[in-house]
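Input: a single structure, listed below in structure tokens.
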Amino acid sequence: MTDSSHAPSPWRFSVAPMMGWTDRHCRYFHRLLTRHTLLYTEMVTTGALIHGNAAQHLHFNEEEHPVALQLGGSEPADLAQCAKLGEERGYDEINLNCGCPSERVLRGAFGACLMGEPKLVADGVKAMVDVVDIPVTVKHRIGIDRVESYDFVRDFVGTVADAGCRVFIVHARNAWLKGLSPKENREIPPLRYELAYQLKRDFPALTIVVNGGITTHEQIAGHLEQIDGVMIGREAYHNPWLLTEWDARFYGAPAEGPMMTREAVELAMVDYMERAAAEDGAPWYSIASHMLGLRHGLHGARKWRQVWSDHRLKPLPAREVWAMAQNHVNTNKESAFAEV
């Protein structure tokens, strides 16, 4: 969908916001693998920012750009206040969560339940658009519970677009607010990408990004023939080396070069662990947990992961743990060479 004569859309490729996963340490790791992919924070509720430690919740590394702040909330005034805080902190985008299916979002009046109140979402979007100069976007589902009519998501997008939202990230699966756990809702009901494609046909001036169940470059390329962008979630987390191909494949940017290796990325993360510990006392093991997929699919990956996730090693400096992990990598390389 991107005109080759122009720069690719900022939303052509992104890593999804994932609670418990895409914190600033995870995003720093992902940024080592791709320069151009848009990264999203975990969802931060407006209540946490207004009544909690906003500086802590909004803290991120400057290397993470481009990076978007995802908000959870429904009160327009609160959303406007928090969007302004995000812009002042330096985020490149504010995203409103209208897709989380957890039961607690019902109590907090945010997430997928908001799809049933498009006028309220529109009011929130307008309040944010009025106070910030960065893009305000919405991530949503194609329906809630057993409402499967295309008209439902079409009318939602149309109402919110009229309030000033120009970018919609479509998780192409219904959110079930009752009867399924959030984990089950990642597989049930079936994905319906065709509804995202239809949104693009009906709203050609909007940027439409598809999300949900996408795991291969072939799938990505197929989606990009129909819509403007693709957002990857769990696959990016569990198999992060995929990210190293995205700049060249989907942004037309030069690859990082032959010197980019898993070993170099791992060592850069050790440097970061030491920096984070010095800056704010972040323990290395809370950072290492995000890079356990770095050697996904390689011989010896299991033993390598066991070193980085061994709770008995927590008192040791990160560089010593790295040396132990490298011993397993080098041993397996020698073993593979001997077998040849």
key: Table column - 3J(HN,Hα) (Hz), the stretch 271-283, Karplus curve with 6.51, -1.76, 1.60, x for Gly and Pro   = 4, 5, 4, 5, 5, 5, 5, 6, 6, 8, x, 5, x
remark   = For the chain, the longest principal axis of the Cα atoms and the Cα long axis of helix 150-162 enclose an angle in degrees, to the nearest 10, of 90 degrees
key: Residue with peak Gaussian network fluctuation, the chain [Cα springs, cutoff 10 Å], from LYS200, LYS314, LYS84   = LYS314
ask   = For MET19, which sequence-distant residues (separation of 5 or more, or a different chain) have an amide H within less than 5 Å of its own amide H, given hydrogens modelled in the peptide plane?
value = MET43
note = So the angle from the long Cα axis of helix 318-339 to the longest Cα principal axis of the chain, reported in degrees to the nearest 10, equals 70 degrees
query = Per-residue HN-Hα couplings for the stretch 7-21, Karplus 6.51 cos²θ - 1.76 cosθ + 1.60 at θ = phi - 60°, whole Hz, x for Gly and Pro?
reply = 5, x, 4, x, 9, 4, 8, 8, 9, 5, x, 9, 4, x, 10
inquiry  = Leaving ligands and nucleic acids out of the surface, order GLU88, GLU263 by accessible area at 1.4 Å, largest first.
reply    = GLU88, GLU263
ask   = Label points 7 Å out from Cα along the Cβ direction at SER149 and GLU117: separation in nm?
value = 2.2 nm
inquiry  = Helix-only mean residue ellipticity at 222 nm, the chain, DSSP H runs n ≥ 4 weighted -39,500 (n - 2.57), per residue, nearest 500. What is it?
reply    = -13000 deg cm²/dmol
request  = Using just the alpha carbons, could you tell me how many Å³ per residue the convex hull of the chain encloses?
outcome  = 149 Å³
query = Hey, rough spin-label estimate for LYS303 and GLU63, points 7 angstrom out along Cα→Cβ, what's it come to in nanometres?
reply = 2.9 nm
message = Give me the 1.4 Å probe accessible area per residue for the chain, excluding ligands and nucleic acids, in Å².
response = 45 Å²
inquiry  = Using 0.36 nm times the number of residues separating GLN219 and SER289, minus their current alpha carbon distance, what extension gain do you get?
reply    = 22.4 nm
task = Based solely on C-alpha atoms, express the radius of gyration and the Dmax of the stretch 1-148 in angstrom.
result = 15.2, 47
remark   = Excluding ligands, DNA and RNA, the carbon-plus-sulfur percentage of the accessible area of the stretch 200-253 with a 1.4 Å probe reads 46 percent
key: ARG312/ARG234 FRET efficiency (R0 30 Å; Cβ-Cβ; nearest 0.05)   = 0.60
ask   = How do 23-35, 58-70 rank on mean C-beta neighbours within 10 Å, highest first?
value = 23-35, 58-70
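The values are calculated or read from the model by the stated rules, or taken from the named source; none is laboratory data. Bear in mind that the values here come from a model prediction, so they are computed numbers and not experimental data. So basically every Cβ, Gly included, is an ideal-geometry build from the backbone, and we count neighbours across all protein chains shown. SASA here: full protein model, heavy atoms, side chains in, ligands and nucleic acids out. Shrake-Rupley method; radii C 1.70, N 1.55, O 1.52, S 1.80 Å.
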